[in-house]
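The values are calculated or read from the model by the stated rules, or taken from the named source; none is laboratory data. Remember, predicted model here, so these are calculated numbers, not experimental data. So basically every Cβ, Gly included, is an ideal-geometry build from the backbone, and we count neighbours across all protein chains shown. Remember, those area values only see protein heavy atoms, side chains included, never the ligands or the DNA or RNA. Shrake-Rupley method; radii C 1.70, N 1.55, O 1.52, S 1.80 Å.
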Amino acid sequence: MTDEDAQALRRENDYLKRRNAQLQDDVTSLGGQVLRLQQELERVSGRRVMSPPDPLSGGQ
């Protein structure tokens with residue numbers, strides 16, 4: 001392995017480490033967004049359950 005090959009491998013390794021860190025940050029951010037959306041869905045669903053029945057729906 002030449003010095004040139006070793007430098008290329010180091011550059012690639014550094015790039016992959018940075019990319020991995022970016023992707024981990026993205027996963028963390030998406031996890032937070034999923035949690036917020038789940039909470040919003042629960043909140044909206046809870047409102048629907050507690051709302052009075054629609055007289056036009058035909059149900060009891």
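What residue, of Asp3, Asp25, Asp14, is open to solvent by less than 80 Å² (accessible area, probe 1.4 Å) and charged (D, E, K, R)?
Details: Asp3 fails: open to solvent by less than 80 Å² (accessible area, probe 1.4 Å); Asp25 fails: open to solvent by less than 80 Å² (accessible area, probe 1.4 Å).
One residue alone meets the criteria, Asp14.
Checking Gly59 against (1) open to solvent by 90 Å² or more (accessible area, probe 1.4 Å); (2) modelled with pLDDT under 90, only one condition comes out false. Which one?
Checking Gly59 against (1) open to solvent by 90 Å² or more (accessible area, probe 1.4 Å); (2) modelled with pLDDT under 90, the one that fails is (1).
If you check every pair at least six apart or on different chains, which have Cβ atoms under 6 Å apart with a residue in the range 32-60 that is polar (S, T, N, Q) and in a helix (DSSP H, G or I) first and a residue that is open to solvent by 100 Å² or more (accessible area, probe 1.4 Å) and at pLDDT 95 or above second?
From the range 32-60, no pairs qualify.
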